[in-house]
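Colleague: One structure follows; several queries about it will come next.
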Amino acid sequence: LIPILQAVQGRFKILSPGAIREVAKYLDLSSSEVYGLATFYNQFRFHPPGKHEIKVCMGTACHVAGGDIILENFERKLNIKPGETTPDREYSLERVACVGCCALAPVAVVDDHVIGYMQPSKVEGLFVQFEVQREKEKREKQAKESAG
């Protein structure tokens with residue numbers, strides 16, 4: 001069941017109620033059994049993720065090195081809790097188990113890029129980078145529109 005749910009989420013980014021019903025039907029299970037198992041594991045999501053996915057490692061090494069403080073900084077900056085997405089769907093925040101980069105603790109994974117030795121001050125810097133990238137994309141789009 002878990003590999004099937006992973007494949008469905010891999011394709012559609014979420015486990016929608018319809019997808020859960022289809023998996024249940026395929027496996028001759030009840031939807032509540034499938035949903036119950038899916039909600040037990042934090043790897044499954046039921047709402048669309050944000051444009052930028054932020055995962056904060058809470059494995060032992062990261063926790064001891066201050067991962068909880070890093071997570072709290074992201075929570076304050078985004079005004080959301082782990083497992084949530086900002087109302088503008090720009091950012092999703094997740095608390096995850098070990099990501100396998102213990103030597104770099106504490107670690108955050110932002111859009112599949114590992115950021116080691118995270119510090120609270122780096123949290124603000126990430127959002128500055130996002131803003132710069134957003135402005136750059138906006139200007140490139142404007143330049144194409146005026147040239148075309």
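No value in this document is a laboratory result; all are computed from the given coordinates. In this text the structure is predicted, and so the values were computed from the model without any measurement. Because the Cβ atoms are built from the backbone with ideal geometry, glycine has one as well, and the counts that use them run over all protein chains shown.
Colleague: Does anyone have the angle between helix 120-147 and the longest principal axis of the chain? Alpha-carbon axes, 0 to 90°, nearest 10?
Modeller: It is inclined by approximately 80 degrees.
Colleague: Also, quick follow-up: Please report, in cubic angstrom per residue, the volume enclosed by the convex hull of the alpha-carbon atoms of region 52-123.
Modeller: 69
Colleague: Between region 86-141 and region 14-82, how many Å separate their Cα centres?
Modeller: 17
Colleague: Going through region 82-148, which chymotrypsin sites (Phe, Trp or Tyr not before Pro) have at most 14 other Cβ atoms within 10 Å and a DSSP loop state?
Modeller: Tyr117
Colleague: When the helices in the chain are scored as -39500 (n - 2.57) per DSSP H run of 4 or longer and the sum is shared across all residues, what 222 nm value do you end up with, to the nearest 500 deg cm²/dmol?
Modeller: Computed mean residue ellipticity for the chain: -16500 deg cm²/dmol.
Colleague: Then there's this: Considering amide H positions built from the backbone, and no H for Pro or chain starts, which residues 5 or more places from His52, or on another chain, come under 5 Å of its amide H?
Modeller: Tyr91, Ser92
Colleague: What ranking of Ser30, Ser146, Ser16, Ser92 emerges when the number of other C-beta atoms within 10 Å of each C-beta is taken as an exposure proxy, fewest first?
Modeller: Ser146, Ser30, Ser16, Ser92
Colleague: Rounded to the nearest 5, what % of DSSP beta bridges with both residues in the chain are antiparallel?
Modeller: In the chain, DSSP labels about 55 percent of beta bridges as antiparallel.
Colleague: What Kirkwood hydrodynamic radius do you get for the chain when you take the inverse of the mean 1/r over all pairs of distinct Cα atoms, in Å?
Modeller: 17.1
Colleague: Count neighbours as other Cβ atoms within 10 Å of each site's Cβ, and list the GluC sites (Glu not before Pro) in region 87-148 that are DSSP loop with at most 16 such neighbours.
Modeller: Here the sparse-neighbourhood loop sites are Glu90.
Colleague: When you take every Cα atom in region 1-40, what is the radius of gyration, and what is Dmax, the widest Cα pair distance, in Å?
Modeller: So, for region 1-40, Rg and Dmax equal 8.8, 24 Å respectively.
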